[in-house]
Amino acid sequence: MIDLYQVSQRLKLHEGLRLQPYRCTKGKLTIGVGRNLDDNPLTLEEEKIVGDWHHGITKEAAMYLLRNDIKSVYRDLKKYIPFFNDLDSERQYALIDMAFNLGIIGLLKFRKMLSHMACGNYNQAAEECLNSRYARITGRRAERIAEVIRHGVFKL
């Protein structure tokens, strides 16, 4: 199992933390650590815990939503990427981060990268990550993720 705290801290670095609702660069209503409320609305349980998010949420509520989002992405990765459990925890993190940012459907479009990862060809997988629209848009984030894929180590 992944280290939820470590993954949440890294995602907070990449996504930022905003306690007031805002529109992301794609125009989606977002809150907390990148929680896209248009595509991923709060569950009834989350609504009970978070409360009236329209006027902002607490840091604790944002971290609660983030943990739920990480668990959901983790389940999707285990379901849709057959070799996911065979990866070391750092490379699993790289895919979690990408799926968090792109959605599972967006990540699955990286067929060449995923194929290289499945074979353990991490250098080529990292190059495929960097040779993408995702990398052009996210810049330093994609560079960090590509290095995690390449070397299995997260560096700031």
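For the residues 136, 144, the requirement of being surrounded by 14 or more Cβ atoms within 10 Å (Cβ to Cβ) and more than 23 Å from residue 82 (Cβ to Cβ) singles out 144.
Condition check: more than 27 Å from residue 24 (Cα to Cα) and either in contact (Cβ under 8 Å) with a residue 60 or more places away in the chain or not small (Gly, Ala, Ser) (or both). Does residue 115 satisfy that? Can you show your working first?
Values: more than 27 Å from residue 24 (Cα to Cα): yes; either in contact (Cβ under 8 Å) with a residue 60 or more places away in the chain or not small (Gly, Ala, Ser) (or both): no.
It is false that residue 115 is more than 27 Å from residue 24 (Cα to Cα) and either in contact (Cβ under 8 Å) with a residue 60 or more places away in the chain or not small (Gly, Ala, Ser) (or both).
Return yes or no: is residue 118 more than 12 Å from the chain's Cα centre (by Cα) and closer than 16 Å to residue 78 by Cα? Here the answer is yes, as residue 118 does meet what is asked.
Taking the range 75-90 as the region of interest, how many residues are of a type outside the set (A, V, I, L, M) and crowded, with 20+ Cβ neighbours inside 10 Å? Steps first, answer last, please.
Narrowing the range 75-90 to residues of a type outside the set (A, V, I, L, M): 75-76, 78-80, 82-86, 88-90.
In the following step, the residues that additionally are crowded, with 20+ Cβ neighbours inside 10 Å were identified as none.
Number of matching residues: 0.
In the range 1-51, of all residues being assigned to a strand (DSSP E or B) and hydroxyl-bearing (Ser, Thr, Tyr), the one that is farthest from residue 145 (Cα to Cα) corresponds to 22.
There is at least one residue in the range 34-53 that is surrounded by 14 or more Cβ atoms within 10 Å (Cβ to Cβ), of a type in the set (Lys, Arg) and farther than 27 Å from residue 127 by Cα.
No value in this document is a laboratory result; all are computed from the given coordinates. The structure presented is a predicted model; accordingly, all values stated were derived computationally and were not measured. For neighbour counting, all protein chains shown are included, and Cβ atoms are generated from backbone atoms with ideal geometry for every residue, glycine included.
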